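Reviewing the structure listed below.
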Amino acid sequence: MYYQQGNYPQAQQMMGQFYAPEPWKKGECLPTKEEEIRALNLTGLINIEQSHYGKAEQQLCQAVQLSEMVFGMVHPSTAQSVNNLALALSRQGRYGEAQPLFEWALAINKSVFGAEHPNTARSVNNLASVLERQGQYAEAQPLFEWALAINKSVLGAEHPDTTMSVNNLASVLVQQGRYAEAQPLFEWALAINKSVLGAEHPNTATSVNNLAGVLVQQGRYAEALPLFEWALAVREMVLGAAHRHTQETRENIAALRAAMKADN
């Protein structure tokens, strides 16, 4: 109500469902192929954002095919293309199909960059997210912890990727009903956003909203209400009164006030 947030053979077998390999002439200029792969990934991501998932899936399948032909299975370009294809599937709710592709991308990045690289952290986070969306919270939690450890160590405690990891870990704890453990993480995310982005930034408002929500889950209504009101003020000012996040916060306040009234 309150929170906003495989192995190689499996992946290869799945890829066969998406495209039929086309002949590639080895004499073609490699830079031309690199440019084609970049273009396919870019247009695929644009189509994902525009909800044109069929087009995106086709383009990203071609990007995976070309990347594997040109660079091989264990290469950053292949990992990026595989990750983007998994994202297209995940956005359609096809989490079971996306999971082995995210696992493939993670295996590549871990092999190429090592276990403590930001690229690896992003792959770990993506895999954890798709597990969370399938209700596999216990499996997702250690992956979110791994991503957080990498980002904090390599990027620093105030980097946006670190903040995202903190929030993701807190959210998966909430999904397991572990509100007292999630609370200090939401407080951490709020402190970072407020310090780096300011008190009137949309990301700060999201952190405030999430912290208020976990306080409500613990029955701490009086502490949650001013936080929801803070989030609402920021969202009305920055996003506008009609924005869905503004409306959600307004609904949260109404529900909280009704609960407080019922308790009195």
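Quick look at the numbers
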item	result
From 107, 88, 128, residue being open to solvent by less than 20 Å² (accessible area, probe 1.4 Å), at pLDDT 95 or above and closer than 22 Å to residue 148 by Cβ	128
Matching residues in the range 65-83 - criterion: being farther than 15 Å from residue 107 by Cα and not small (Gly, Ala, Ser)	65, 66, 69, 70, 71
So residue 173, is it open to solvent by 60 Å² or more (accessible area, probe 1.4 Å) and of a type in the set (A, V, I, L, M)	no
Near pairs, Cβ below 7 angstrom, 6+ apart or cross-chain, from the range 146-164 (small (Gly, Ala, Ser)) to any residue that is open to solvent by 40 Å² or more (accessible area, probe 1.4 Å)	153/116
Sole exception among (1) of a type outside the set (Phe, Trp, Tyr); (2) buried (at least 18 other Cβ atoms within 10 Å of the Cβ); (3) within 18 Å of the chain's Cα centre (by Cα) for residue 160, by number	(2)
Odd one out for residue 119, checked against (1) more than 13 Å from the chain's Cα centre (by Cα); (2) more than 21 Å from residue 53 (Cβ to Cβ); (3) surrounded by fewer than 20 Cβ atoms within 10 Å (Cβ to Cβ); (4) not acidic (Asp, Glu)	(3)
Single residue of the range 24-73 satisfying the filter (among the β-branched types (Val, Ile, Thr) and modelled with pLDDT of 90 or more) that is surrounded by the fewest Cβ atoms within 10 Å (Cβ to Cβ)	46
Meets criteria (out of contact with any His (no Cβ under 9 Å at 6 or more places or on another chain), at pLDDT 95 or above and among the basic types (Lys, Arg)) for residue 235	no
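The values are calculated or read from the model by the stated rules, or taken from the named source; none is laboratory data. A quick note: this is a predicted structure, and the numbers were derived from the prediction, not measured. Positions of Cβ are generated from backbone atoms using ideal geometry, with glycine treated the same way; all protein chains shown enter the neighbour counts. For accessibility, only protein heavy atoms count, side chains too; no ligands or nucleic acids. Shrake-Rupley method; radii C 1.70, N 1.55, O 1.52, S 1.80 Å.
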